[in-house]
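Chemist: I'd like to ask you about the structure that follows.
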């Protein structure tokens, strides 16, 4: 995936398709993170479908099966934890402040969090 990422950074205008052996979650996520616009698995699909994959990606579409799309949706839906540090790596937020999330954006919601 490193090679794909480097190629994507050098040529972002070129749509990329990754040929895979299996649709494993991490393989799919890493391929899309590295710049792929399509995933094609020869073990699951005949060669003639590769031509349709290439044509679809060339037209600006994303080529992925529903399982791979589910992986992407789950990855996007995950809320990363908030970790604020200074230049030395020292944590600037208390554990209580780190638990605050965009789903509870008010001061009153923060005030209701248990204190540790």
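Chemist: Scan region 18-58 residue by residue and report those that are within 16 Å of residue 72 (Cα to Cα), touching a strand residue (DSSP E or B) at 6+ places or on another chain (Cβ under 9 Å) and touching a residue at least 40 places away in the same chain (Cβ under 8 Å).
Modeler: Within region 18-58, 23, 28, 32 qualify.
Chemist: Which members of region 9-28 meet the condition of being modelled with pLDDT under 95, farther than 10 Å from residue 64 by Cβ and touching a helix residue (DSSP H, G or I) at 6+ places or on another chain (Cβ under 7 Å)?
Modeler: Once the filter is applied, which keeps residues that are modelled with pLDDT under 95, farther than 10 Å from residue 64 by Cβ and touching a helix residue (DSSP H, G or I) at 6+ places or on another chain (Cβ under 7 Å), region 9-28 yields 20, 25.
Chemist: Being surrounded by 10 or more Cβ atoms within 10 Å (Cβ to Cβ) and modelled with pLDDT under 85 narrows it down to one of 93, 50, 72, so name that one.
Modeler: 93
Chemist: If you go through region 23-47, how many residues are surrounded by fewer than 16 Cβ atoms within 10 Å (Cβ to Cβ) and in a loop (DSSP other than H, G, I, E, B)?
Modeler: 6
The values are calculated or read from the model by the stated rules, or taken from the named source; none is laboratory data. Everything quoted here is computed from the prediction, not taken from an experiment. Cβ sites come from the backbone with ideal geometry, for glycine too, and all protein chains shown count toward neighbours.
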